[in-house]
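**Student:** Mind looking over this structure? Questions follow.
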Amino acid sequence: MKIAILTDSCSGMNQKESSEWGIYYLPLQIVCQEAQYLDGISIELQELYELLRKGEQMTTSMPPIALIDSTLDQIKADGYDTIICVPITSGLSSTASMIGATAKEKGLNLYIVDCFSTCYLQCYLAQCAKRLADQGLDAETIVARLQASIASSNTLIIPDDLQHLKKGGRLTPMAAALGGLLKIKPILQLNQSCEGKIDVYDKVRTMAKAQGKAIDTFVQEHVGEDYILSCLHTDAMSEGLLLQEKMKAALPHCKIYFGYIGAVISVHTGIGCLGIQYIKRVEGCE
């Protein structure tokens with residue numbers, strides 16, 4: 001059994017970074033007016049942020065079907081008979097189902113690992129899958145270890161406003177209803193309990209209170225040194241750094257990754273969004 005690892009651009013990796021890891025990569029698409037971009041290939045993150053700041057209306061979609069087809073053909077040509085795929089959660093995109101249908105047509109043995117999230121959590125799992133495959137573990141063992149960590153994970157999102165998420169249809173009805181309320185700073189969640197769909201976790205009055213509540217949640221869920229954390233932002237560096245410092249103070253024994261929310265996800269969150277994630281370390285990837 002020769003195992004290939006496949007992920008998509010919502011992981012936050014671009015094509016170059018994915019290639020350096022030896023991970024196969026599928027870019028989702030961003031559409032702005034008449035232009036179509038391949039995330040991580042034909043548009044850079046800062047270019048996307050500039051379009052958002054200009055108020056451009058954008059949509060996103062799964063990777064081009066022809067590109068999914070050619071990527072799986074390449075995997076097969078490279079001598080792999082098994083794929084472990086860590087895509088954006090199926091609660092937010094049909095990417096996983098299209099990969100599954102294409103792999104079946106080509107007779108490839110495919111394991112789809114639903115992370116019930118995206119961004120750095122998705123990236124971490126894909127990278128761990130690659131490390132474990134390089135150690136010679138079989139696909140069933142790798143998938144079981146990833147799923148065990150996913151069961152101890154969470155993503156909390158603090159958008160500056162809900163309009164982008166509401167327009168994109170990525171919210172549950174209850175979360176969307178908050179978009180009409182004034183002076184409310186919602187904390188949204190994305191995890192296994194809500195089946196990878198964005199739902200309301202709590203509602204507070206200020207960004208500072210939202211950050212405090214999100215961090216308190218991680219503390220109450222007994223996140224410790226055997227967990228990986230991320231602190232992410234959509235072009236909100238100063239706010240993101242402040243949140244990271246608060247996380248370090250509350251969870252001093254945890255490793256915290258700091259970075260940007262990727263392009264496709266940023267289209268739906270808008271500028272100024274903050275996100276924090278935790279996941280239990282994958283066994284064998286310490």
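**Student:** Cα axis of helix 119-134 to longest principal axis of the chain: angle in degrees, 0 to 90, nearest 10?
**Tutor:** Value to nearest ten degrees: 30.
**Student:** Another question, then. Count charges around residue 228 for me, please; just the other residues with Cβ under 12 Å from its Cβ, Lys/Arg as +1, Asp/Glu as -1. Don't jump to the answer; show the numbers that get you there.
**Tutor:** Details: positive: 255, 280, 281; negative: 225, 226, 286.
So the environment of residue 228 carries a net charge of 0.
**Student:** Kirkwood Rh, the stretch 3-150, all Cα pairs: how many Å?
**Tutor:** Working: mean 1/r = 0.0640 Å⁻¹.
Its Kirkwood hydrodynamic radius stands at 15.6 Å.
**Student:** May I ask which of 185/209; 2/106; 209/246; 185/255; 16/54; 197/255 have a Cα-Cα span longer than 19 Å here?
**Tutor:** Numbers: 185/209 9 Å; 2/106 16 Å; 209/246 12 Å; 185/255 27 Å; 16/54 28 Å; 197/255 26 Å.
Correct reply: 185/255; 16/54; 197/255.
**Student:** OK, next. Taking 45 Å as R0, compute the FRET efficiency from the Cβ-Cβ separation of residue 248 and residue 42 and round it to 0.05. Display every interim value, and only then the final one.
**Tutor:** Numbers: r = 36 Å, r/R0 = 0.80.
Efficiency, from the Cβ-Cβ distance: 0.80.
**Student:** Here is a follow-up. If each DSSP helix of 4+ residues adds -39,500 (n - 2.57) and the sum is divided by the residues in the chain, what number results at 222 nm, nearest 500 deg cm²/dmol?
**Tutor:** Working: 11 runs with 114 residues, N = 286.
Here the helix-only value at 222 nm equals -12000 deg cm²/dmol.
**Student:** Which shape class applies to the stretch 199-268: rounded if a/c is under 1.5, otherwise prolate when a/b exceeds b/c and oblate if not, where a ≥ b ≥ c are the square roots of the Cα gyration tensor eigenvalues?
**Tutor:** Details: a/c = 1.59, a/b = 1.22, b/c = 1.31.
Because a/c hits 1.5 or more and a/b fails to exceed b/c, the stretch 199-268 counts as oblate.
**Student:** Antiparallel versus total DSSP beta bridges in the chain: what percent is that, nearest 5?
**Tutor:** Details: 28 of 48 bridges.
Close to 60 percent.
**Student:** Same structure, new question: What does the charge count around residue 285 come to, taking other residues whose C-beta lies under 9 Å from its C-beta (Lys +1, Arg +1, Asp -1, Glu -1)?
**Tutor:** Details: positive: 131, 145, 281; negative: 283, 286.
Summing Lys/Arg as +1 and Asp/Glu as -1 gives +1.
**Student:** Sticking with this structure for a sec: ³J(HN,Hα) across the stretch 205-214 via Karplus (A = 6.51, B = -1.76, C = 1.60, θ = phi - 60°), whole Hz, x for Gly/Pro?
**Tutor:** Going residue by residue, I get 9, 9, 5, 4, 5, 5, 4, x, 5, 4 Hz, with x marking Gly and Pro.
**Student:** List the GluC sites (Glu not before Pro) in the stretch 27-101 that DSSP assigns to loop (not H, G, I, E or B) and whose Cβ has at most 14 other Cβ atoms within 10 Å. Which are they?
**Tutor:** Those satisfying the criteria are 34, 44, 56.
**Student:** So between residue 16 and residue 73, what do we pick up on full extension, going 0.36 nm a residue minus the alpha carbon distance?
**Tutor:** Numbers: separation 57, 0.36 × 57 = 20.52 nm, distance 1.98 nm.
Net length gain for the segment: 18.5 nm.
**Student:** To continue, here is another question. Quick check: the distance between the Cα centres of the stretch 32-66 and the stretch 241-284, to the nearest angstrom?
**Tutor:** Value for the Cα centre distance between the two parts: 23 Å.
**Student:** By a straight-distance test (C-alpha under 17 Å), which aspartates and glutamates pair with residue 203 as possible cross-link partners, with residues fewer than eight away in the same chain excluded?
**Tutor:** Cα-Cα hits under 17 Å: 160, 161, 216.
**Student:** Name the cysteines of the chain that stand alone by the Cβ rule: no other cysteine Cβ under 4.7 angstrom.
**Tutor:** That list is 10, 32, 85, 115, 119, 123, 194, 231, 254, 273.
**Student:** Would you mind counting up the charge near residue 116? Only other residues with Cβ under 11 Å from its Cβ, with Lys and Arg at +1 and Asp and Glu at -1. Can you show the working numbers first?
**Tutor:** Details: positive: 197; negative: 114, 195.
Cβ neighbours under 11 Å give a net charge of -1.
**Student:** Still on this structure, please answer the following. Using the C-alpha gyration tensor of the chain, what are the square roots of 5 times its eigenvalues, in whole angstrom, with the largest one first? Don't skip to the end; give the middle numbers.
**Tutor:** Details: eigenvalues 179, 106, 50 Å².
The three semi-axes for the chain are 30, 23, 16 Å.
Just so you know, all these numbers are worked out from the coordinates, no wet-lab data involved. Quick caveat: nothing in here was measured; it's all calculated off a predicted structure. In this analysis, Cβ positions are derived from the backbone assuming ideal geometry, glycine residues included, and neighbour counts consider all displayed protein chains.
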